[in-house]
Amino acid sequence: MSVEYSGLGDRIKLPSTNPTRTLADARQILRANLETGKPSCCPVCAQDAKLYARKFRAPWLKALRALADSLYLSPREMVAICKARDYPALTYFGLAHRNPSDGMWRISQLGRDFLDGRVTLPSHAIIYNKEVVGFDETKRIHILDLDPCERFSLDELMSTKPMVA
């Protein structure tokens, strides 16, 4: 049974109230829906839910190299260096982190090893609700595999089906 709210001519479907469904049931339903790779709706709160496969992007290397060349960079410096404002995705791969006490960005040892060509990374991080929930290990990338002229594609981000274990 769903409840409907009528306001300004729009009908908003609210989640159904099923007293026999537990939170564990709702999680199981949502996980099953997410595994299809298609956007889903949470059976508890009706929030849209989707797994995103974030590809490691070559333009992030500019910010990573700048971090390697200095002890730290402020958020303003990071924006100036990396015109694509999604450089915080470096944290998805463990290559950099932002210090919570001063807000400054720092490169990790893994970031240094990747720049030096000593390690490979999974090609995609699987993101749910702005958190890393896993990696697509079917393909690994080396720094030399990256195309510095690559451009961001929203269509690619939205259509990539994550590998769910």
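The values are calculated or read from the model by the stated rules, or taken from the named source; none is laboratory data. No experiment lies behind these values; they were computed from the predicted model shown. A quick note on method: Cβ atoms are made from the backbone with ideal geometry, for glycine too, and the neighbour counts reach across all protein chains shown.
Scanning for something touching a helix residue (DSSP H, G or I) at 6+ places or on another chain (Cβ under 9 Å), modelled with pLDDT under 80 and either among the polar types (S, T, N, Q) or not assigned by TED's automatic domain parsing to the domain that holds Gly134 (or both), does region 103-117 turn up at least one residue? No, region 103-117 contains no residue that is touching a helix residue (DSSP H, G or I) at 6+ places or on another chain (Cβ under 9 Å), modelled with pLDDT under 80 and either among the polar types (S, T, N, Q) or not assigned by TED's automatic domain parsing to the domain that holds Gly134 (or both).
The residue of region 46-96 that is modelled with the lowest pLDDT, among those that are of a type in the set (S, T, N, Q) and part of a loop (DSSP other than H, G, I, E, B), is Ser74. The residue that is nearest to Asp136 (Cα to Cα), among those in region 28-46 that are in contact with a strand residue (DSSP E or B) (Cβ under 8 Å, 6 or more places away or on another chain) and either among the basic types (Lys, Arg) or surrounded by fewer than 17 Cβ atoms within 10 Å (Cβ to Cβ) (or both), is Pro39.
Taking first residues from region 97-109 that are assigned to a strand (DSSP E or B) and partners that are of a type in the set (Gly, Ala, Ser), the Cβ contacts under 7 Å between residues at least 6 apart in sequence or on separate chains come to His97/Ser108; Trp105/Ala96; Arg106/Ala96; Ile107/Ala68; Ile107/Ala96.
In region 135-146, the residues that are assigned by TED's automatic domain parsing to the domain that holds Leu115 and under 11 Å from Gly117 (Cβ atoms) form Cβ pairs under 8 Å with partners that are modelled with pLDDT of 85 or more and part of a loop (DSSP other than H, G, I, E, B), at six or more places apart or across chains, as follows: His142/Gly117; His142/Thr120; Ile143/Gly117; Leu144/Gly117.
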